[in-house]
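Peer 1: Once you've had a glance at the structure underneath, I'll fire off some questions.
The values are calculated or read from the model by the stated rules, or taken from the named source; none is laboratory data. What you see is a predicted model; the values in this text were computed from it and never measured. Counting neighbours? That spans all protein chains shown, and the Cβs are built from the backbone with ideal geometry, glycine included. Side chains included, ligands, DNA and RNA excluded: accessible areas come from the protein's heavy atoms. Shrake-Rupley method; radii C 1.70, N 1.55, O 1.52, S 1.80 Å.
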Amino acid sequence: MNPSLRVRLGLALMSAGGVVLAEETAPAPAPANTGDYRDATFEELGGLTISSVSKAAEDFFRSAAAGSVITAEDIRRSGALTLPDVLRLAPGVEVGQYNSRGYALTVRGFNGTAATKLLPLVDGRSLYSARAGGTIWEARDLPLEDVEQIEVVGGPGGTTWGTNAMNGVVNIITKSARQTQGTQVTAGGGVYEQAFAYVRQGVETGPNAWLRVYAKALARGETETVAGAADVNDAWHQFRSGFRFDHEPSSAASTVVTGDVFFSDADQLILGSPGVGKTSGGHLLGRRELEAGGEGRLSLQFYYDRIDRDSLSTVSSADVFDAEARHEFDLGERQRLSWGANARASRLEDKVRTAAGFIRVVPDVRYLKLGAIFVQDTIHLSPGVWTATLGLRAEYNDFTDLESLPSLRVAWTPSDRLTVWGAYSRAVRIPSRFEHDQSSEQLFFGQPTRTIPSEEVESETLDAFEAGARRRVSNWLTAGASVYFNQYHHLITGESRVDATPGLIVTEFENLGAGRAWGGELSATAEATDWWRLIFTWSAIRIDIDSDARSNDASLPAVADKSPAHQLGLRSLWNIGKTWEADAWLRWVDELPDSRPVAAYTSLDLRLGKQLGRGWEVSVVARNLLEPSHPEFIFSGVRSEVPRGFYLRVDWRR
């Protein structure tokens, strides 16, 4: 069956099945906390917590890190349908869509189709790919309706999360099954976002135990073709289904189990020939939290994650097993200590098809292991005013052996209206499998090339210095600002030479690069009235790259041209009475002065929503209204543009 037809049939069956399920299932009582911020006060929104800085929930306003929290209501009213598009809401996040499904996404620079210096997680499960570095975003899609909040932390998070949390951390926290009782059915479609559907059922399975199951499907059309260029052939279709189980017998213990499976088809061009790339996979995660004496807590977590990819030229799979134990407790009246250990085992397999121009990848299968111990001490130097957090993580990996990741964070909160903070952190990005030990030979635009193993390649390291402040200026205005200076060492470069074999170019990876990046982020939220909220964001960055005189890698210095020097965002959220919503999102993104430049662009999204009663909601969304299409990032010379889009969405909840 044609992939597009298969997904469209799945969408129809999901919508019909969801309505039948809703009619036959008795409604479950809604929990007190539904995660809906529609009627939250400005003061309540100011009381958000964040757990990505230290793995322990803390007051976001008092946290000693550059961060932002994207709430469930932010997601709903943004009109975005994919995770990368939602992340545009956070200052300092760079998002460049380069085809229908693909995104270059990072925080604080060094962007690319494999952005190796950002660590994304879902409920503590790493989404980072050890094979090539970076994140395969089209494989990491999830139902946005199930997200409680997204925490974006600018700057290193290595002490807390380990290697590769270099420039930032994105932690997606999903709602508990208790928060999603009852039925939800969502369906919609339009121009570009051709069709999408989501069905969720939440039930109480026993005393203090809840379960939700869901299915999601989408069909997205092709991006626009630059005038005179060949068809980009990049339509995307995906189906995903999963569950979450929560058991909370008491405040002293809780259990969480999550899992999902997905299948994705993507039209693509390989060496100019059209085809369909396929990606599939899933995960299973379990976490148990227990009270451990007094105010102590013990957390045990395990997960398994798998991804299979067939991109027509290569066939790959990745299996990851991860286990972690963490214990936190009070050490006297002014200290909170946490410590623990983490272990990970991975199996990576790659095969190639010679007909696609590739000759070999050696070795076919690679086994990797990682182990870490960590400790973090939060000291209340002056209770309620001065807080210092010291941390150290020691981590072993097969490529670079032992790595140390220290950090120091200090916060000063003289009142509930002001927090000033500063931090120093050391972060590490370990080589990917491709950079360390994967041999490959291929024809690149007719030129024979060979990449040879570089087992002596070292980790990239970062010394990061940060400072910032948050201020409740008045009862209706809050603002936050942060600045940073990042010093990079041992950046990996690809050094090429002409081999003795006539016409053959050989590339080997070395650590001949260094660099600096500095910049800042600013955000402000104003409650102009009780029915109108304005949110402003701005970010700026400058990157300077220094390469050793022995280096002939021209791609590393060009990384500075792949990040916009400035980004601006302005959102307006307008509640019209009790049932209407009118939202606008204006963005300006500076140019990318790369060798294949991308012009600056301005984008406007509009959303109009109506609560119809009896659980029904309808919304109309228009995206990229100011021009028919615009480019955001260029991948392998393919100049596709993100088109203007419209869609109608209908939600029913019971």
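Peer 1: Cβ contacts < 6 Å: first residue basic (Lys, Arg), restricted to the stretch 186-201; second residue open to solvent by 20 Å² or more (accessible area, probe 1.4 Å) and assigned to a strand (DSSP E or B), any location; separation 6+ or different chain. Result?
Peer 2: Arg200/Tyr214
Peer 1: Quick one: is Glu521 closer than 30 Å to Trp574 by Cα, at pLDDT below 95 and under 29 Å from the mean Cα position of the chain (by Cα)?
Peer 2: Judged against the criteria, Glu521 is not a match.
Peer 1: Here are some residues: Phe633, Phe646. Which one is closer than 30 Å to Ser555 by Cβ, among the hydrophobic types (A, V, I, L, M, F, W, C) and either touching a residue at least 60 places away in the same chain (Cβ under 8 Å) or in a loop (DSSP other than H, G, I, E, B) (or both)?
Peer 2: Within the list Phe633, Phe646, the selection yields Phe633.
Peer 1: Can you go through Asp305, Asp350, Asp364 and tell me which one is over 28 Å from Arg244 (Cα atoms) and open to solvent by less than 40 Å² (accessible area, probe 1.4 Å)?
Peer 2: After ruling out the rest, the residue left standing is Asp350.
Peer 1: How many residues are open to solvent by 30 Å² or more (accessible area, probe 1.4 Å), over 16 Å from Ser425 (Cβ atoms) and either at pLDDT 95 or above or not hydrophobic (A, V, I, L, M, F, W, C) (or both) when one looks only at the stretch 371-384?
Peer 2: Residues that pass the stated criteria total 6.
Peer 1: Still on this structure, I have one more. Could you figure out which of (1) surrounded by fewer than 16 Cβ atoms within 10 Å (Cβ to Cβ); (2) in contact (Cβ under 8 Å) with a residue 40 or more places away in the chain isn't true of Asn575?
Peer 2: (1)
Peer 1: Follow-up. Residue under question is Ala528, and the condition is that it be open to solvent by 40 Å² or more (accessible area, probe 1.4 Å), free of Cβ contacts under 8 Å to residues at least 12 places away in the same chain and either of a type in the set (Asp, Glu) or out of contact with any Asp or Glu (no Cβ under 9 Å at 6 or more places or on another chain) (or both); does it hold?
Peer 2: No: the conditions fail for Ala528.
Peer 1: Name the single residue, out of those in the stretch 440-458 being open to solvent by 10 Å² or more (accessible area, probe 1.4 Å) and closer than 24 Å to Tyr396 by Cα, that is modelled with the lowest pLDDT.
Peer 2: Restricting to residues being open to solvent by 10 Å² or more (accessible area, probe 1.4 Å) and closer than 24 Å to Tyr396 by Cα, the top hit is Pro453.
The rows are residues; the columns are (1) assigned to a strand (DSSP E or B); (2) crowded, with 20+ Cβ neighbours inside 10 Å; (3) out of contact with any Gly (no Cβ under 6 Å at 6 or more places or on another chain).
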position: Arg516; (1), (2), (3): yes, no, yes
position: Gly519; (1), (2), (3): yes, yes, yes
position: Ala524; (1), (2), (3): yes, no, yes
position: Ala549; (1), (2), (3): no, no, yes
position: Asp553; (1), (2), (3): no, yes, no
position: Val559; (1), (2), (3): no, no, yes
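Peer 1: Which of the residues belonging to the stretch 128-176 are charged (D, E, K, R) and within 14 Å of the chain's Cα centre (by Cα)?
Peer 2: Glu138, Arg140, Asp141, Glu151
Peer 1: Can you find a residue in the stretch 418-433 that is open to solvent by 20 Å² or more (accessible area, probe 1.4 Å), in contact (Cβ under 8 Å) with a residue 12 or more places away in the chain and farther than 20 Å from Ala165 by Cβ?
Peer 2: Yes.
Peer 1: Then there's this: I'd like the full set of residues that are touching a Leu at 6+ places or on another chain (Cβ under 6 Å), open to solvent by 10 Å² or more (accessible area, probe 1.4 Å) and under 30 Å from Gln238 (Cβ atoms), limited to the stretch 44-73.
Peer 2: Val69
Peer 1: Go through the stretch 104-134 residue by residue and tally those that are farther than 20 Å from Ile541 by Cβ and either in a loop (DSSP other than H, G, I, E, B) or modelled with pLDDT under 95 (or both).
Peer 2: So the count comes out to 9.
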